[in-house]
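Undergrad: One structure coming up, written as structure tokens, with questions to follow.
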Amino acid sequence: MNPTALTVHAALARLSAGELRASELVRAYLDRIDALDPTIRAYLAVSREAALEQAVAADERWRAGNGVRPLEGIPLALKDVLCTRGVRTTCGSRILADFVPPYDATVVVRLSAAGAIVLGKTNMDEFAMGSSTENSAFHPTRNPWALDRVPGGSSGGSAAAVAADLAAGALGTDTGGSIRQPAALCGVVGLKPTYGRVSRYGLVAFASSLDQVGPIGKDVRDAALLLEAIAGHDPMDSTSADQPVPDYQAALGQGVEGLRVGIPNEYFVEGMDPEVEAAVWEAVRVLEKLGARPARVSLPHTPYAVAAYYLIAPAEASSNLARYDGVKYGYRAPGGKDVIEMYGRTRAEGFGPEVKRRIMLGTYALSAGYYEAYYGKAQRVRTLIRRDFERAFAEVDVIVTPTSPSAAFRLGEKTEDPLQMYLSDIFTISVNLAGLPGVSLPCGFTAAGLPIGLQLIGQAFDEATLLRVAHAYEQATDWHTRRPPRAAGEAP
């Protein structure tokens, strides 16, 4: 069997049994990246020499039989919004095209401590602003299931890499759906943890009250393994929660007998792709057959979530991105006659259209005379959305929804209509506003062969129940076993 098709847990079993060496596994991934990524373009940078060097060290650990760590020798990819010491971190932007951080993000440190090997940095929408990975300053990424389609965003490079077997797993970030939506469009599993569950130290900020780092894997067990490795309190992050990290893998085999599954009225709306709706309802029936108890719930402020998000997130982005001025680091435009002109030229040349759009929107929302009318009101709506979930979770254990209203759309289809692009995250945004965990996993395919994602939403810091339900559904179906029938260089 091609080792790049293995899940993380299957690869670990083979490494443990001596049937596979880490160096063989890493070389297989690097060879596959060489063959397929020139077309899929999931990566912005590949750390070939460092990965091979770490693989040799992992082989020694496995041979010695002592000091073996939870992810020893597993090749992973990192979204290029996570700082990596000595390795370029661009955030998909020209303004950071040559930025090399002097430190690692906490999640990178934790993966390294667990024995994981970083294959490279993946493509993304610039500063994580987008739903298609077409806003990257460098190139778009293609969906491995259909090369004329988007992989979703902003973590599209990470999702495409996992779907195309260009990495065993990956990390992404999720501000309004940027892990879950690309996971759905690429047919893999993506988990957005509770806000504060995973450290944001070393994550280049988009919207600080919304951003969260999470795993993308080939199945639910892989997502659980990766979450265990990166979760936990971090004194370097003031928003990191001092909460114990459960044994997520232990929760996976418990089934769903007696669990209450909520189906929100507001998430099955006009305009949703009928194939998506049908697949999600079938998933509910599968859960019911497994012993779960479906129940209708209401999240009445859901219709206001997109509007609230696109005031809060741009406002925070406007503040966070003010630091990119050409003075301390990053791109500096030449030829300015004074510092003001240099600032203007640097930001005009360094930022792409979507980032500029959101900075202007956020700056306007925070400006004198408009702060209370826009930003203040959006924050009050956010509170109402959180209370909706609190009331719903008094009645149910998890909530089931579609992840995205449609399957992957064509490259270029929505780039001229920002509102339609924003609506791609209509089912995921509320979860970020409320700070809750959510997971997307495959639940079917369209007639055109494109993956459909099922979203499960859980209570704060209850990722264990979320993974438990996701795993039970996954084991009762075979959607997660299907791989893209074609990628660059492969026959249909």
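The values are calculated or read from the model by the stated rules, or taken from the named source; none is laboratory data. Keep in mind it's a predicted model, so treat the numbers as computed, not measured. Backbone-built Cβ (ideal geometry, glycine too); neighbour counts: all protein chains shown.
Undergrad: Among the residues of region 449-457, are any in contact with a helix residue (DSSP H, G or I) (Cβ under 6 Å, 6 or more places away or on another chain) and surrounded by fewer than 24 Cβ atoms within 10 Å (Cβ to Cβ)?
TA: Among the residues of region 449-457, not one is in contact with a helix residue (DSSP H, G or I) (Cβ under 6 Å, 6 or more places away or on another chain) and surrounded by fewer than 24 Cβ atoms within 10 Å (Cβ to Cβ), which makes the answer no.
Undergrad: Looking at Leu299, Leu252, Leu259 in this structure, which one is of a type outside the set (Val, Ile, Thr), at pLDDT 95 or above and more than 25 Å from the chain's Cα centre (by Cα)?
TA: Leu259
Undergrad: Among the residues of region 201-217, are any modelled with pLDDT of 95 or more and either of a type in the set (Asp, Glu) or more than 25 Å from Glu316 (Cβ to Cβ) (or both)? Full working, then the answer.
TA: So in region 201-217, the residues modelled with pLDDT of 95 or more come out as 201-217.
Narrowing further to those that are either of a type in the set (Asp, Glu) or more than 25 Å from Glu316 (Cβ to Cβ) (or both): 211, 217.
Yes, region 201-217 contains a residue that is modelled with pLDDT of 95 or more and either of a type in the set (Asp, Glu) or more than 25 Å from Glu316 (Cβ to Cβ) (or both).
Undergrad: Name the one entry in Ala35, Ala45, Ala77 that is among the small types (Gly, Ala, Ser), at pLDDT 95 or above, farther than 19 Å from Ala11 by Cβ and not in a helix (DSSP H, G or I).
TA: So the residue among Ala35, Ala45, Ala77 that is among the small types (Gly, Ala, Ser), at pLDDT 95 or above, farther than 19 Å from Ala11 by Cβ and not in a helix (DSSP H, G or I) is Ala45.
Undergrad: Do we find a residue being within 30 Å of Ala447 (Cβ to Cβ) and either more than 12 Å from the chain's Cα centre (by Cα) or among the hydroxyl-bearing types (Ser, Thr, Tyr) (or both) anywhere in region 102-118?
TA: No, the conditions are met nowhere in region 102-118.
Undergrad: State which residue is surrounded by the fewest Cβ atoms within 10 Å (Cβ to Cβ) when the search covers only region 338-378 and only residues that are assigned to a helix (DSSP H, G or I) and of a type in the set (Phe, Trp, Tyr). Break it down into steps so the answer makes sense when it comes.
TA: Of region 338-378, the ones assigned to a helix (DSSP H, G or I) are 339-350, 353-366, 372-378.
Now drop any that are not of a type in the set (Phe, Trp, Tyr), which leaves 343, 364, 374-375.
Values: Tyr343: 18, Tyr364: 16, Tyr374: 21, Tyr375: 20.
Of everything passing the filter in region 338-378, Tyr364 is surrounded by the fewest Cβ atoms within 10 Å (Cβ to Cβ).
Undergrad: Okay, moving on. From Gly92, Gly67, Gly73, which residue is small (Gly, Ala, Ser) and touching a strand residue (DSSP E or B) at 6+ places or on another chain (Cβ under 7 Å)? Break it down into steps so the answer makes sense when it comes.
TA: Working: Gly92 fails: touching a strand residue (DSSP E or B) at 6+ places or on another chain (Cβ under 7 Å); Gly67 fails: touching a strand residue (DSSP E or B) at 6+ places or on another chain (Cβ under 7 Å).
Within the list Gly92, Gly67, Gly73, the selection yields Gly73.
Undergrad: What pairs come out if I take residues in region 275-303 that are free of Cβ contacts under 8 Å to residues at least 40 places away in the same chain and part of a loop (DSSP other than H, G, I, E, B) and pair them with residues that are surrounded by 15 or more Cβ atoms within 10 Å (Cβ to Cβ) and hydrophobic (A, V, I, L, M, F, W, C) whose C-beta lies under 9 Å away, six or more apart or interchain?
TA: Listed pairs, sorted by first residue: Gly291/Val256; Gly291/Leu259; Gly291/Ala472.
Undergrad: Tally the residues that are touching a strand residue (DSSP E or B) at 6+ places or on another chain (Cβ under 9 Å) and part of a loop (DSSP other than H, G, I, E, B), restricting the search to region 257-271.
TA: The total comes to 3.
Undergrad: So the check is Cβ under 7 Å with 6+ separation or different chains; which pairs have a first residue in region 308-325 that's polar (S, T, N, Q) and a second one that's modelled with pLDDT of 95 or more and assigned to a loop (DSSP other than H, G, I, E, B)?
TA: From region 308-325, the pairs are Asn320/Ala205; Asn320/Phe206; Asn320/Ser208.
Undergrad: What residue, of Arg63, Arg69, is loosely packed, with under 14 Cβ neighbours inside 10 Å, out of contact with any Pro (no Cβ under 8 Å at 6 or more places or on another chain) and not in a strand (DSSP E or B)?
TA: On the way: Arg69 fails: loosely packed, with under 14 Cβ neighbours inside 10 Å.
Going through Arg63, Arg69 in turn, just one is loosely packed, with under 14 Cβ neighbours inside 10 Å, out of contact with any Pro (no Cβ under 8 Å at 6 or more places or on another chain) and not in a strand (DSSP E or B): Arg63.
Undergrad: Looking only at region 133-183, how many residues end up being assigned to a loop (DSSP other than H, G, I, E, B), of a type in the set (Gly, Ala, Ser) and within 14 Å of the chain's Cα centre (by Cα)?
TA: So the count comes out to 7.
Undergrad: Now for a separate question. What pairs come out if I take residues in region 118-144 that are closer than 23 Å to Ile429 by Cα and pair them with residues that are of a type in the set (Val, Ile, Thr) and part of a strand (DSSP E or B) whose C-beta lies under 9 Å away, six or more apart or interchain?
TA: Close Cβ pairs (under 9 Å, with a partner that is of a type in the set (Val, Ile, Thr) and part of a strand (DSSP E or B)) amount to Met124/Thr173; Ala128/Thr173; Thr141/Thr122.
Undergrad: In addition: Answer yes or no: is there a residue in region 229-238 that is assigned to a loop (DSSP other than H, G, I, E, B), within 19 Å of Leu191 (Cα to Cα) and not basic (Lys, Arg).
TA: Of all residues in region 229-238, those assigned to a loop (DSSP other than H, G, I, E, B) come to 232-238.
If we keep only those that are within 19 Å of Leu191 (Cα to Cα) too, we end up with 232-233.
Imposing the further condition that a residue be not basic (Lys, Arg) reduces the set to 232-233.
Yes, because at least one residue in region 229-238 is assigned to a loop (DSSP other than H, G, I, E, B), within 19 Å of Leu191 (Cα to Cα) and not basic (Lys, Arg).
Undergrad: Residues in region 287-300 that are hydrophobic (A, V, I, L, M, F, W, C) and surrounded by fewer than 16 Cβ atoms within 10 Å (Cβ to Cβ): how many?
TA: 1
Undergrad: Further question: As an exercise: evaluate Glu19 against (1) out of contact with any Pro (no Cβ under 8 Å at 6 or more places or on another chain); (2) part of a helix (DSSP H, G or I) and give the number of the one condition it does not meet.
TA: (2)
Undergrad: Being assigned to a strand (DSSP E or B) and under 15 Å from Cys83 (Cβ atoms) is the filter; apply it to region 201-225 and report the residue that is nearest to the chain's Cα centre (by Cα). Before you say what the answer is, go through the steps one by one.
TA: Residues of region 201-225 that are assigned to a strand (DSSP E or B), as a first pass: 203, 213-217.
Retained after the next criterion (residues that are under 15 Å from Cys83 (Cβ atoms)): 203, 213.
Numbers: Leu203: 13, Val213: 7 Å.
Once the filter is applied, the top-ranked residue is Val213.
Undergrad: From the list Glu390, Glu416, Glu395, which one is under 25 Å from the mean Cα position of the chain (by Cα), outside any helix (DSSP H, G or I) and surrounded by fewer than 17 Cβ atoms within 10 Å (Cβ to Cβ)? Step through it out loud before you land on a result.
TA: Values: Glu390 fails: outside any helix (DSSP H, G or I); Glu395 fails: under 25 Å from the mean Cα position of the chain (by Cα).
That would be Glu416, the only listed residue that is under 25 Å from the mean Cα position of the chain (by Cα), outside any helix (DSSP H, G or I) and surrounded by fewer than 17 Cβ atoms within 10 Å (Cβ to Cβ).
Undergrad: Here's something else I'd like to know. Looking only at residues that are of a type in the set (D, E, K, R) and surrounded by 16 or more Cβ atoms within 10 Å (Cβ to Cβ) in region 302-328, which one is modelled with the lowest pLDDT? Break it down into steps so the answer makes sense when it comes.
TA: Going residue by residue through region 302-328, those that are of a type in the set (D, E, K, R) are 316, 323, 325, 328.
Checking the rest, the ones that are also surrounded by 16 or more Cβ atoms within 10 Å (Cβ to Cβ) come to 316, 325.
Numbers: Glu316: 98, Asp325: 94.
Within region 302-328, the match that is modelled with the lowest pLDDT is Asp325.
Undergrad: Within the set of pairs 6+ apart or on separate chains, which have a first residue in region 403-418 that is on the phi > 0 side of the Ramachandran plot, a second that is assigned to a loop (DSSP other than H, G, I, E, B) and charged (D, E, K, R), and C-beta atoms under 8 Å apart?
TA: So the pair list comes out as Gly412/Glu134.
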